[in-house]
Amino acid sequence: MERPGRLLLLSELRVRNAACDVSLSRCLLTWKRRVSSPVYRPFRPSVSHSVSVSEIIAVREEDEDSGSRQTDDGSWNKIEEREGKDCGQAFTVLYVERCRQHRWRCAEVTFTCPDVALCQRWVSSIREQLAAITSRPRRLLVYINPYGGKRQGKRIYDQKVAPLFAQAGVSTDVIVTEYANHARDHLRKGAELKKYDGVVCVGGDGMFSEIIHGLIWRTQTDGGVDLNCPDETLLPCSLRIGIIPAGSTDCICFATVGTNDPVTSALHIIVGDSQPMDVSSVHHNNTFLRYSVSLLGYGFYGDVLTDSERKRWMGPARYDFSGVKMFLTHHYYEGTVSYLPARGILGTPRDAARCRSGCLVCQRNGQLLSDRAENYEMDEASDSDSDSEWRTIRGKFLAINAASMSCACPRTPKGLSPAAHLADGTTDLILVRKCSRFNFLRHLLRHTSKDDQFDMTFVEVHRVRRFRFTPRYCQSDSDLELDLRENGKHQIFSQIFRDHPACGCAPAYSSWNCDGEILTHTAIDVRVHCQLIKLFARGIEEPAVFEDLTNPCAI
Ligand SMILES: Nc1ncnc2c1ncn2[C@@H]1O[C@H](COP(=O)(O)OP(=O)(O)OP(=O)(O)O)[C@@H](O)[C@H]1O
Ligand SMILES: CCCCCCCCCCCCC/C=C/[C@@H](O)[C@H](CO)NC(=O)CCCCC
Ligand SMILES: [Ca+2]
């Protein structure tokens, strides 16, 4: 909790008909019940409440003439009934209240004042403090995917989010998307971005992906950056992005906020939180394919996605169905993974520490990487030259996963890579080699328990800044030649192998699952761009910060 600092106002006001000492500083609003005679009530503690000014949503003057006001559920309450008969003037402060499992709620407290002038001084002082918070968005561009997840995006926005934005004085331009990539294309070409302080997407990870593709494309094109060159340093996007979760996995929301709850996300947007995030660019032969912020998965997760896309009608359950099916199918894929280990930075994928709000690892590594780029003009372009740094692994893999962040979601609350960081400039490359079904099941199940999913002989994990993958039966000319020379076979056999490897029944290729989208190529070159985008979030808060046992909502 912030320190109170110099008091701007100190008055005796009433809360629920009890006299309170109420004070306002630049940081805190505090109200404390007055104990008139401690002699007569020696055992009754005087409860003090404090709200950080940065977490005040709005202040509302109560309607004196009608003596009543509308509540969130649409019903009308008499102020007198709620506050006592002698209320006089009243104002209500709406603020963030922390509940269980990282959820936030909009709570309110009504203060009654003895006179009009004092009431107005309080209202205008609080409003002045709120107006001075420059990080809060005033105007937002909102995209709603009406078909994401359980198709509730529009209802969630209208019922849970729009009323909060209205109360907080955030104005919005809302676009309900009409087709896939509508939001991406609008951000690329149509949207007048200067008008806005941020972009909000109502939907799942796929919708978020559309938004970042639109924003990154626009930023690079305006800045003259060649998207097809994997060695180019990308320009960071200035507009922050808010996610109102209404998808099937919503792993980006979960891993940056700690819960998939539309009200919590709306409140993080209103208070103007900011969380930088790494973005991986994916190229094939110097051609840009896609960006990824969460999971790039070949093998198991690629197959699950490919299979589940045909079952979109099932909604979020399609992933469970396809997950079980692909587990039983048990396909492995051959290929070569080369990677550039992340050196000289803090953290490893086996750390016990987690990326949390205000993460020092992300701050230190972000600073280190930008210093390095500035001072030595050494970035990935020169990394790619230092061939000695690259390591190569050939093998048969059930899954090759790159997690730029933990990928925590309700299916795996600790994530695919629990110690990965949101903004450290690295991705965790997880290689699951061919093993028995039983062992693969043990590995998968460990994502849902406290046991370490990496502590298995057939699993290895590396923290990297860049990696490449080439499937065994690669279609690139050089690989085909290498194959022919190694195998001494005629080209026609190679063609057969490409579609049906040695066993003659299993496919030779999987697909890449790139944040829930299928990639068109299997041979890819991936590079992490440290802190390329910013979200209206603050990372997952440590429980100690919000576990207030005096708050009934938290118990
Ligand atoms: N109006 C629309 N009609 C059809 N598809 C759309 C529309 N708007 C967006 N999309 C596409 O829908 C796809 C899925 O959306 P979204 O990510 O919101 O939900 P999801 O796939 O159910 O959730 P998750 O990505 O979290 O698993 C995205 O790839 C997006 O491009
Ligand atoms: C048989 C026991 C199985 C237990 C398995 C637990 C492991 C679940 C790990 C889930 C990891 C999700 C990572 C996030 C990926 C998202 O970018 C993507 C788009 O939303 N979602 C999926 O691909 C959806 C992927 C769904 C996979 C099931
Ligand atoms: Ca990272």
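The values are calculated or read from the model by the stated rules, or taken from the named source; none is laboratory data. Please read all numbers here as calculations on a predicted model, not as lab measurements. All Cβ positions, even for glycine, are placed from backbone atoms using ideal geometry, and neighbour counts span all protein chains on display. Note: accessible area is taken over every heavy atom of the protein model, side chains too, but ligands, DNA and RNA are not part of it. Shrake-Rupley method; radii C 1.70, N 1.55, O 1.52, S 1.80 Å.
Key figures for this structure:
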| item | result |
| --- | --- |
| q = 0.28, 0.30 Å⁻¹, region 293-344: log10 I(q)/I(0) [Debye, one scatterer per Cα] | -1.10, -1.18 |
| Rounded FRET efficiency, nearest 0.05, which uses the C-beta distance separating residue 506 from residue 320 and R0 of 22 Å | 0.40 |
| Inter-label distance for residue 348 and residue 132, nm, one decimal - labels placed 7 Å from Cα along Cα-to-Cβ | 4.7 |
| Residues in region 104-125 that a label on residue 52 would reach, taking backbone N under 15 Å of a point 7 Å out along Cα→Cβ | 104-105 |
| Where labels lie 7 Å past Cα in the beta-carbon direction, separation of residue 180 and residue 451 in nm | 3.7 |
| Rounded percent of accessible protein surface that carbon and sulfur make up, region 317-474, 1.4 Å probe | 52 |
| Rounded FRET efficiency, nearest 0.05, which uses the C-beta distance separating residue 26 from residue 120 and R0 of 25 Å | 0.80 |
| Estimated FRET transfer efficiency when R0 is 30 angstrom, pair residue 100-residue 139 (beta carbons, to 0.05) | 0.40 |
| Residue-normalised accessible area of region 134-289, given per residue in Å² at a 1.4 Å probe | 37 |
| 11 Å beta-carbon shell around residue 171, net charge (K/R +1, D/E -1) | +1 |
| Neighbourhood charge, 13 Å Cβ-Cβ cut-off, centred on residue 250 and excluding it, Lys, Arg +1 and Asp, Glu -1 | -1 |
| Of all accessible heavy-atom area on region 117-266, the percent that carbon and sulfur account for (1.4 Å) | 48 |
| Full-stretch length increase - residue 285, residue 371 - with 0.36 nm per residue and alpha-carbon distance subtracted | 28.0 nm |
| When each of 325/534; 189/414; 154/189; 396/534 is checked by Cα-Cα distance, pairs over 29 Å | 325/534; 189/414; 396/534 |
